[in-house]
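J.: Shown below is the structure under consideration.
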Amino acid sequence: TGVQTCALPIFGLVPMTIGGEQQVLVAVSDISKRVEAERRTRESEARKAAILHSALDSIISIDHEGRVVDFNPAAEFTFGCPAASVIGRMFGDLFVPPAYREAHKRGMERFLRTGEGPALNRRLELPALRADGTEFPTELYITVIQTGDRPTFSAYLRDITDRKRAEQELRAL
């Protein structure tokens, strides 16, 4: 007898005798659709990772507790610290100037309680802190990503120090 191979996974082998001959009943399942869906998911994740890592603006994601979960290379440059040193730490303690921390905390609490927040889905100009403690002006946009039962917040942040300096110079003329 010849042996036939199959790319499909085998879920069960049942030995049996049919007409005096030993036979094996093989149960298989076509998983080609699942394999294709997994391939598309991997490709999508790779595209998203490339966008995150090549973005010119800082992209920072925090969880519902305010802990940093993503910190792209532009954020590393802007804030002067590696992602590994901030992942899992409280965003507000690291990058929100002390004068704004209470408002940041209240805003997070309000969103978790009501699903609304005054800083969400709009462009804002707010100060931020670098790792060395210096304050600088930013343009900020925050969006909520609902995954499962807990939200994640993604902040898109741009250092506007040069723009603010140019504006001041123009006003001085």
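The values are calculated or read from the model by the stated rules, or taken from the named source; none is laboratory data. All figures in this text were calculated on a predicted structure; none of them were measured in a lab. We place every Cβ from the backbone using ideal geometry, glycine too, and count neighbours over all the protein chains shown. Accessible surface areas use protein heavy atoms only, side chains included; no ligands, DNA or RNA. Shrake-Rupley method; radii C 1.70, N 1.55, O 1.52, S 1.80 Å.
J.: At a probe size of 1.4 Å, how large is the accessible area of Arg158, to the nearest 10 Å²?
T.: Result for Arg158: roughly 100 Å² accessible.
J.: Setting aside same-chain residues fewer than 8 positions from Lys48, which aspartates and glutamates have a Cα under 20 Å from its Cα?
T.: Glu36, Glu38, Asp57, Asp63, Asp70, Glu76
J.: Determine the relative contact order of segment 94-173: mean sequence separation of Cα pairs under 8 Å and six or more apart, normalised by residue count, in whole percent.
T.: The value is 22 percent.
J.: Please give, to one decimal in nm, the separation of the simple spin-label points placed at Met16 and Glu38, each 7 Å out from Cα toward the Cβ.
T.: So the label points at Met16 and Glu38 sit 2.9 nm apart.
J.: Return the aspartates and glutamates within reach of Lys33: Cα separation strictly under 20 angstrom, same-chain partners fewer than 8 residues apart disregarded; answer none if there are no such residues.
T.: Glu43, Glu45
J.: Separate question: Positive end of the charge dipole of the chain (Lys, Arg +1 and Asp, Glu -1 on Cβ, about the Cα centre): tell me which of Phe95, Val14, Gly107 has its Cα farthest that way.
T.: Of Phe95, Val14, Gly107, it is Gly107.
J.: So what is the diffusion coefficient of segment 130-173 in µm² per second by Stokes-Einstein at 20 °C and 1.002 mPa s, using a Kirkwood Rh over Cα pairs?
T.: Calculated translational D: 164 µm²/s.
J.: Considering only protein heavy atoms and a probe of 1.4 Å, how much of the accessible area of the chain is carbon and sulfur, as a whole percent?
T.: 56 percent
J.: Also, quick follow-up: Dividing the Cα convex hull volume of segment 1-134 by residue count, how many Å³ per residue is that?
T.: About 205 Å³ per residue, rounded to a whole number.
J.: What is the spin-label model distance, in nm, from Glu167 to Val28 if the labels are put 7 Å beyond Cα along the C-beta direction?
T.: The answer from the label model is 6.7 nm.
J.: Nearest 10 degrees, 0 to 90: what angle lies between the long axis of helix 98-114 and the longest principal axis of the chain (Cα atoms)?
T.: Value to nearest ten degrees: 40.
J.: Follow-up question, since we're still on this one. Could you tell me how many degrees, from 0 to 90 and to the nearest 10, lie between the Cα long axis of helix 32-54 and the main elongation axis, the longest principal axis, of the Cα atoms of the chain?
T.: Tilt of helix 32-54: around 20 degrees.
J.: Sticking with this structure for a sec: Report the paramagnetic label zone for Leu120: residues of segment 139-167 whose backbone N is under 17 Å from a point 7 Å from Cα along the Cα-to-Cβ axis.
T.: 141-156
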